[in-house]
Every structure is written in C-alpha cells, then in structure tokens.
Amino acid sequence: MAAPKAKGKKKEIKITTGVLHVHTTSNNTLINLVDVEGNKVSGGGTGKVGYKGSKKSTPYAAEVLTKQLLKDAQANGLKEIGVVFRGTGMARDGVFKAINEIGVIDIAYIREDTAIQFGGCKGERPKRN
C-alpha cells in the first residue's frame, strides 16, 4: 500500500479586483469570490462558519460569512469587488452590511442575476370520451 500524499501548503492568490457571487435560497446562502477570469479564490456556505439548520438562511449568517471571506481576500490585496446576486433569500441585507462594515473595499457594480420564473411547458390535454 502506498503512503498517503502529504498535503502541501495552499498557495496565496493575489488579486486586486474580484467578483462576489451570492446565491441565496430559502434554506442556505452560498458565497463565492472569483477573480476577473472566473477562477474561484474562496467561498463556501453559511455552514462553513458554524450555522446549522434554519439559522443558515438568516441575514446574520450571510454577514458573518461575507466578513470572513472579504477579510481573507483583503489580506491578499483585494481592493474592489463587483457583487452578483442570484436567488430570492433574505441574505442580501447581510451581505451589504458586511461590505459596509469592512469599508476599505469599493463596490464597482451590483448585478441581479436571478432567473425569471415562467409557466413551464404546456400540459397534456385531457381525453374526450
């Protein structure tokens, strides 16, 4: 049996401009920080900061997660972000509150990317007898 590979130290990625993708649902909030090319720098869900169950969908949990991700990215040189929202959860307020409390990072743009709901395919007609 081969020896397990030693995990190396994760290399630090230096970025100055990034995009914060926020996906909110009724049960959870997922936040990803990507660079301009679309490569993921950091991210995760609100379970990453210790919330379980119905507390994961709260604005406060999103605020705590956003603060943690942005502080890590700020240490790597992040100066400006764009924010892309997707979904209909409550966490939008928490994300903005966290960005404003950090204060050093500028917001370049805010974009809404929620899919538009439609009626779906036409149903099968009932049989006539």
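No lab work stands behind these numbers, since they all come straight from the coordinates. In this text the structure is predicted, and so the values were computed from the model without any measurement. Glycine also receives a Cβ, built like all others from the backbone with ideal geometry; neighbour counts cover every protein chain displayed.
Observations
- Ranking 104, 32, 77 by how far each Cα lies toward the positive end of the dipole of the chain (charges on Cβ) leaves 32 at the top.
- Taking the C-alpha atoms only, the angle from helix 59-75 to the longest principal axis of the chain is near 40 degrees.
- Summed over qualifying helices (DSSP H, 4 residues or more, each -39500 (n - 2.57)) and divided by its residue number, the chain shows a 222 nm mean residue ellipticity of -7000 deg cm²/dmol.
- Förster radius 35 Å - calculated FRET efficiency between residue 97 and residue 122 (Cβ-Cβ, nearest 0.05): 0.20
- With the simple spin-label model, which puts each label point 7 Å out from Cα in the Cβ direction, the residue 25 to residue 129 separation comes to 4.1 nm.
- Residue 86-residue 17 pseudo-label distance in nm [points 7 Å out on the Cα-to-Cβ vector]: 2.2 nm
- With R₀ set to 25 Å, the beta-carbon distance separating residue 60 from residue 111 gives a calculated FRET efficiency near 0.55.
- Acute angle (nearest 10 degrees) that the helix 92-102 long axis makes with the longest principal axis of the chain, alpha-carbon atoms: 10 degrees
- Placing +1 on the Cβ of every Lys and Arg and -1 on the Cβ of every Asp and Glu, with no other charges, gives the range 69-129 a dipole of roughly 680 debye about its Cα centre.
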